[in-house]
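Inspection log for the structure reproduced underneath, given as structure tokens.
The values are calculated or read from the model by the stated rules, or taken from the named source; none is laboratory data. All of these numbers come straight from a predicted model, not from anything done at the bench. Heads up, the Cβs are rebuilt from the backbone with ideal geometry, glycines too, and the neighbour counts pull from every protein chain shown.
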Amino acid sequence: MRDLLCGVDLGSRSVKIAVMEAGTDDEPGRIVRLEKVDTIAFYRNYGRKQGDKLVVDFAGLGLDAVEMLVSTGYGRNTLELAGGEAIPELKAHVLGAVHQTGLKDFTLIDLGGQDSKIIQVRRGRMQDFLTNDKCAASSGRYLENMAHVLGMSLEELGCHIEDPVELSSTCAVFGESELIGQIVEGRPLPQLAAGVNATIVRRVLPLLRNFPGETLVFTGGVAHNSAVRILLAQQTRREVMVPPEPQFNGAIGCCVYGQRQRE
């Protein structure tokens with residue numbers, strides 16, 4: 001087996017791990033393993049602070065044969081992984097999106113567990129970006145909370161798009177109260193679910209208007225929501241491409257960075 005590169009995206013809700021076989025001049029690197037671990041469980045079961053770094057028990061994760069480790073993500077701002085290199089989150093996501101789609105010019109929209117990122121990519125490099133990490137209202141956490149209130153799975157929530165109930169609250173916390181009020185008034189659950197999905201899109205549209213014209217590459221856990229994906233395409237009138245592994249995009253980008261460092 002070729003040398004293994006490991007990319008770790010320390011997310012707010014989950015830690016994503018990608019393992020890539022190092023490529024050659026004739027054959028690019030190949031992702032051989034993807035692993036997702038709840039963030040709290042990851043730190044509790046596999047992490048130990050040592051000085052100003054986080055020592056991770058990769059053997060416990062079955063990753064003791066990894067040659068190179070590269071990390072990024074939400075958690076990178078608090079603790080850097082020992083034995084590896086940390087890269088900026090935006091850089092990791094651009095590298096991952098370019099690798100997964102083969103595109104060089106696009107707008108990347110990443111809706112993660114607690115934040116959202118819009119990145120304009122030109123010739124495979126970041127040209128401009130906007131982020132929102134101050135409110136969870138356009139994130140996966142918002143969808144998780146709303147799905148819980150509606151008594152639905154995230155998969156079921158993502159199926160509803162017709163006749164959305166308008167939800168006016170711009171806060172994830174107050175949005176729960178508003179949704180409960182609509183349920184009490186007897187509004188149909190499918191319409192409320194459609195309203196939740198429409199709300200996510202309505203909140204990111206102002207950010208997207210700053211970067212008109214390109215294909216949208218949609219990543220992050222929210223990219224698994226088919227209703228949000230359809231609404232994005234309808235309301236922006238752009239092609240929306242979801243890469244094969246949208247939630248692991250940052251971790252894959254770390255692997256790509258590691259591959260380039262070896263060349």
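Brief remarks on what is shown
- Subset of the range 196-228 that is buried (at least 21 other Cβ atoms within 10 Å of the Cβ) and not aliphatic (A, V, I, L, M) - its residue that is nearest to Ser168 (Cα to Cα): Thr199
- Candidates Leu90, Leu95, filtered to the one that is under 17 Å from Thr72 (Cβ atoms) and either among the hydroxyl-bearing types (Ser, Thr, Tyr) or more than 13 Å from the chain's Cα centre (by Cα) (or both): Leu95
- In a residue-by-residue description of the range 130-152, the property of being among the β-branched types (Val, Ile, Thr) and either over 18 Å from Val201 (Cβ atoms) or surrounded by 19 or more Cβ atoms within 10 Å (Cβ to Cβ) (or both) applies to at least one position.
- Screening the range 93-117 for residues that are of a type in the set (A, V, I, L, M) and modelled with pLDDT of 95 or more and picking the one that is surrounded by the fewest Cβ atoms within 10 Å (Cβ to Cβ) gives Leu103.
- Filtered residues of the range 213-257 (kept if of a type in the set (Gly, Ala, Ser), closer than 22 Å to His160 by Cβ and not in a helix (DSSP H, G or I)): Gly220
- Some residue of the range 44-55 being in a helix (DSSP H, G or I), of a type outside the set (D, E, K, R) and surrounded by 15 or more Cβ atoms within 10 Å (Cβ to Cβ): yes
- Close pairs (7 angstrom Cβ cut-off, 6 or more residues apart or separate chains): under 22 Å from Leu5 (Cα atoms) in the range 40-63, at pLDDT 85 or above and among the basic types (Lys, Arg) anywhere: Val55/Arg48
- If the condition is being modelled with pLDDT of 85 or more, of a type in the set (Asp, Glu) and in contact with a Ser or Thr (Cβ under 9 Å, 6 or more places away or on another chain), then the range 50-88 contributes only Glu85.
- Close pairs (6 angstrom Cβ cut-off, 6 or more residues apart or separate chains): closer than 16 Å to Leu130 by Cβ in the range 203-227, aromatic (Phe, Trp, Tyr) and at pLDDT 90 or above anywhere: Glu214/Phe106; Val217/Phe106
- Residue list for the range 191-218, filter: within 18 Å of the chain's Cα centre (by Cα) and of a type in the set (Lys, Arg): Arg203
- Note on the range 4-32: among residues that are without any contact (Cβ under 8 Å) to a residue 24 or more places away in the chain and of a type in the set (D, E, K, R), the one that is surrounded by the most Cβ atoms within 10 Å (Cβ to Cβ) is Glu21.
- Of all the listed residues (Leu4, Leu108, Leu34, Leu54), the sole one being of a type in the set (A, V, I, L, M, F, W, C) and touching a His at 6+ places or on another chain (Cβ under 9 Å) is Leu108.
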